[in-house]
Amino acid sequence: MQTGLEDQLGLYQKRIPIFTRSVKGNFRRFKTAVLVMAYAIFFLLPWLPWSRLDAPSQAVLFDVLGRRFLIFGLTVYPQDVIWLALLLFIAAILLFFVTGLVGRAFCGYFCFQTLWTDFYIWIESKIQGERPARVRLFRQPWNREKLLKIGGTHALWILASFWTGLTFAAYFAYAPQLLVNFFTGQAAAAAYITVTVLTLATYAAAGLMREQICTYICPYGRFQSVMYEPETLAVHYDAQRGEGTHGRASVRSGRGIVVERRSRERAEATVAQERRRINRNSGERALAERHEQGLGDCIDCGLCVQVCPVGIDIREGLQYKCISCGLCIDACNTIMDSFNFPRGLIRYDSEKNLASATPSAPKLAWKRLKIIGYGVALVLMSAYLVYSIGTRGSFDRAVNQIRQPLYVVLSNGDIRNRYQIRITNKAAEDQVYVISVRGIPEAALDVGHFREITIKPGHSGLVQASVRLSPELATQTKHFELLITPKGKPAEARAEKIRFDTPGLRP
Amino acid sequence: MSEQKLQSQTVQTTGHAWDGDLQEYNNPLPVWWVYTFYATFIFAIVYWVIYPSWPFGKGWIGGLSDISYVNSAGETKTHSWNTRALYLEDMNQAAAAQKPYFDKVQSMSYEQISRDPEITAFILSSGKALFADNCAACHQSGGQGVVGFFPNLTDDDWLYGGSYEKIHQTLVGGRRGYMPSFSEVLSAEQIGDLANYVAGLSGIPHDAAKAKAGDVLFHSETAACYYCHGADAKGRKEMGAPNLTDGIWLWAGVAAAPSSEGKVAAIRNVISTGLAKGVMPAWGGRLSPEQIKVLTVYVHDLGGGL
């Protein structure tokens, strides 16, 4: 049969609202802990004071106008862009490393989209109630109650979005001052634009679009899929165990407790009744009975679907929409516990292990070339970053030979080369730098009155230096060393190898 | 199905028919295109109002916004928006930002400037631009000059003196170097003797017998070289007469000549023809006093001395 053009799927799919049921368990606790910690850091860090001599007393401040990043005791200048490159590289490798081991752990537990969505769902459930109440509210016609609850939810979302935007802006300006200026209309235009854009973006992403961001927009989720290997641990439904030979079935003889179709009370009453009945027997006996009938362990309660923030059924297998948040594991374990069935019908496991005839206990398979390679790169890069920051100089220097002309012959035959020395003070206080030479007589160097030069923090000093050598010495000297020493800190002295040009070396 | 679809997509005709069966296809422009076209009309009308557009009377319709700036004379100028006024605004703002530095340069002594790292850094960068605009055409971008034409400013040989004050004087008033031609006063042989003597002063291989005769001639009233170059031949800065005893040659192409005969010939050539091309223009009226002071310090930094 031919399918015509009119049968094509539309390019736009209307969002199907997802109402997640809240759940308790280890993964939920872990997610909550990460959320609280991440929020505490993000929202409180700009308010942490840190006394400085020459800069606002804010622990973390990205001073764009001053062209410096103040991070606790560290001042990062644009010249240190290599650190940013290293940091991005480390972040990428860490993502590859973790994804190879345990799948999309970043998506499920640490991604800000997941965190903010989680928080917004929490707000939603606090105002509108648990899943059935939210579904009912969604279906009912607009009235005062619906208007109040939905309106209140959106109002709180926008408030949270606004505070998110303002907090972000507070990293780029002295936070207490920014707050005052912002509300008195005196802040920079960039602050208003940033806060507005971020408020709208956060509200749209965490409140309205949610899983659509992960499914349609985010590239990371998609390209993490290619890092999966058969040994990679991921959230899996154990189909062998769950389906048996005749498929899943509700605990009662009638098939399919579809909790969704019942009111919450009735569903819970059913579950409680079952629990009493099963508890009279032991869980094992109930299971044995089911296995005799060819039924799997899955009682088809649908709770794993109801708790899923991206609205998928994990029992259909690993899917690109799955952000691997582990909530379905919590949901399933809750149910398994209540029936005294063994846990882990949905669990972290590898495809390889699940496909084997006799699955063993899931374990972290790190002894793989790719994982070890990522691990080594991660350790090396991190060590280099720490080393680079740890041994950073308190100043930057650049010595450029003046090439127009490369050398000049003086009236008595001496050869003179000239150089421009730029010293940037990266320390927090004024510093005197001493300029000297090694490999040629000290008297050959002329820097005017700047043999000792004082430079303000974050500023650069420009020194014109000339080196004058007798013709005999000049022919022997191809290079010499220029020494820049912060006064009083001989350990931080840095030498630059400098070229000396003479007429004889002319090509 | 697909055939049907294709047929329904064939091009419509306008319905007109000429000569029985001559028809005209109707291919209307896409709707989005037409509306974009209409939108450009609206855009144009809005643009006319906001920006200067139509000639009107002796001027033009000025648009909605104005540009005002303070010029170097301290007057506030206001124009209706145009790109020339925008340029002037930018330039005046930049000049105003530089002014405190220029004022500071003007208020400081040379000695103070040479000890101030901030002002020195300002002079190194602003002086570079001024030098490139006004001086580099002759003295070259690095101040290295051209042998036979323009003096090298990076060496330590200064025709008129290399102190701050002398360089300033040179910049403000200009210089005119002159050496008379000796071809009519002296014989070719005498000029050859002089050239050998002068070559010997700076250690160039020469004919000693001729040089001895040249020595006498140099200090005689016939040639009277010592009037300007001094009895010791080390030159006189007050008249711009160069030192003949050092290794630096501006006018004679000594360095370029491969043989010692060639070097002597180059010197002989200068004595014989004389010089009237050592002209440095006066910058006093062309550059502001602050600019000249910045250039003075910049040139002194190139290779200044005494």
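The values are calculated or read from the model by the stated rules, or taken from the named source; none is laboratory data. Source: prediction; values computed, not measured. Glycine also receives a Cβ, built like all others from the backbone with ideal geometry; neighbour counts cover every protein chain displayed.
Do you know which residues across the range B:160-177 are touching a strand residue (DSSP E or B) at 6+ places or on another chain (Cβ under 6 Å) and not in a loop (DSSP other than H, G, I, E, B)? B:R175, B:R176, B:G177 - these are the residues of the range B:160-177 that are touching a strand residue (DSSP E or B) at 6+ places or on another chain (Cβ under 6 Å) and not in a loop (DSSP other than H, G, I, E, B).
Taking the criterion of being in a loop (DSSP other than H, G, I, E, B), touching a helix residue (DSSP H, G or I) at 6+ places or on another chain (Cβ under 7 Å) and either without any contact (Cβ under 8 Å) to a residue 40 or more places away in the chain or at the interface with chain B (Cβ under 7 Å from one of its Cβ atoms) (or both), the only residue of the range A:402-416 that qualifies is A:G413. Exactly one residue out of B:L194, B:L130, B:L124, B:L171 is over 22 Å from the mean Cα position of the chain (by Cα) and either in the same structural domain as B:C228 (by TED's automatic domain parsing) or on the phi < 0 side of the Ramachandran plot (or both): that is B:L194. Taken together, the residues in the range B:254-306 that are touching a Gly at 6+ places or on another chain (Cβ under 6 Å), more than 12 Å from chain A (Cβ to nearest Cβ) and small (G, A, S) amount to 3. For A:Q113, indicate whether it is modelled with pLDDT under 95 and polar (S, T, N, Q). In short, no. Annotation: B:S126 fulfils all but one of (1) surrounded by 11 or more Cβ atoms within 10 Å (Cβ to Cβ); (2) without any contact (Cβ under 8 Å) to a residue 60 or more places away in the chain; the unmet one is (2).
Scanning the range A:463-480 for residues that are assigned to a strand (DSSP E or B) and surrounded by 14 or more Cβ atoms within 10 Å (Cβ to Cβ) turns up A:V463, A:Q464, A:A465, A:S466, A:V467, A:R468, A:L469, A:F480.
Consider the range A:403-425 and keep the residues that are surrounded by 20 or more Cβ atoms within 10 Å (Cβ to Cβ) and more than 28 Å from B:D157 (Cβ to Cβ). The one that is modelled with the highest pLDDT is A:I423. Residue count for the range B:179-211, restricted to those that are part of a helix (DSSP H, G or I) and either surrounded by 13 or more Cβ atoms within 10 Å (Cβ to Cβ) or among the acidic types (D, E) (or both): 15. If you go through the range A:77-91 one residue at a time, do you hit one that is within 26 Å of A:A377 (Cα to Cα), assigned by TED's automatic domain parsing to the domain that holds A:Y192 and charged (D, E, K, R)? Yes, there is a match, as at least one residue in the range A:77-91 is within 26 Å of A:A377 (Cα to Cα), assigned by TED's automatic domain parsing to the domain that holds A:Y192 and charged (D, E, K, R). In a residue-by-residue description of the range A:378-390, the property of being within 27 Å of the chain's Cα centre (by Cα), under 30 Å from A:Y237 (Cβ atoms), modelled with pLDDT of 90 or more and of a type in the set (S, T, N, Q) applies to no position. Please indicate, with yes or no, whether at least one residue in the range A:410-421 is under 30 Å from A:F96 (Cα atoms) and under 46 Å from the mean Cα position of the chain (by Cα). Within the range A:410-421, none of the residues are under 30 Å from A:F96 (Cα atoms) and under 46 Å from the mean Cα position of the chain (by Cα). Elements of the type helices (runs of 4 or more DSSP H) sitting completely within the range A:152-245 and holding at least 1 residues that are at pLDDT 95 or above, surrounded by 18 or more Cβ atoms within 10 Å (Cβ to Cβ) and in the same structural domain as A:G317 (by TED's automatic domain parsing): there are none.
For B:G142, the conditions (1) assigned to a helix (DSSP H, G or I); (2) within 21 Å of the chain's Cα centre (by Cα) are fulfilled apart from (1). More than 20 Å from A:L44 (Cβ to Cβ) and small (G, A, S): does that describe A:G165? Criteria not met by A:G165. Step by step: first the residues of the range B:129-138, then only those that are farther than 19 Å from B:L250 by Cβ, out of contact with any Leu (no Cβ under 6 Å at 6 or more places or on another chain) and crowded, with 17+ Cβ neighbours inside 10 Å, then the one that is nearest to the other protein chains (Cβ to nearest Cβ). Which residue is that? Per the criteria, the residue is B:F131. Among the candidates A:G504, A:G448, the residue that is surrounded by fewer than 18 Cβ atoms within 10 Å (Cβ to Cβ), at positive phi and either within 14 Å of chain B (Cβ to nearest Cβ) or at pLDDT below 90 (or both) is uniquely A:G448. Put simply, of A:G108, A:G100 the only residue that is in contact with an Asp or Glu (Cβ under 7 Å, 6 or more places away or on another chain), closer than 23 Å to A:G326 by Cα, crowded, with 20+ Cβ neighbours inside 10 Å and not assigned by TED's automatic domain parsing to the domain that holds A:K321 is A:G100.
Selection over the range B:221-251 of residues that are away from chain A (no Cβ under 14 Å), under 17 Å from B:M280 (Cβ atoms) and either among the aliphatic types (A, V, I, L, M) or outside any loop (DSSP other than H, G, I, E, B) (or both) gives a count of 3.
Among residues of the range B:139-150 that are closer than 17 Å to B:T170 by Cβ and within 11 Å of chain A (Cβ to nearest Cβ), those with a Cβ under 9 angstrom from a residue that is buried (at least 17 other Cβ atoms within 10 Å of the Cβ) and hydroxyl-bearing (S, T, Y), sequence gap 6+ or separate chain, pair up as B:G143/B:T154; B:G143/B:Y298; B:G145/B:T154. Tell me, yes or no, whether the range B:89-101 has at least one residue that is more than 23 Å from B:V172 (Cβ to Cβ), among the hydrophobic types (A, V, I, L, M, F, W, C), under 22 Å from the mean Cα position of the chain (by Cα) and outside any loop (DSSP other than H, G, I, E, B). Within the range B:89-101, one or more residues are more than 23 Å from B:V172 (Cβ to Cβ), among the hydrophobic types (A, V, I, L, M, F, W, C), under 22 Å from the mean Cα position of the chain (by Cα) and outside any loop (DSSP other than H, G, I, E, B).
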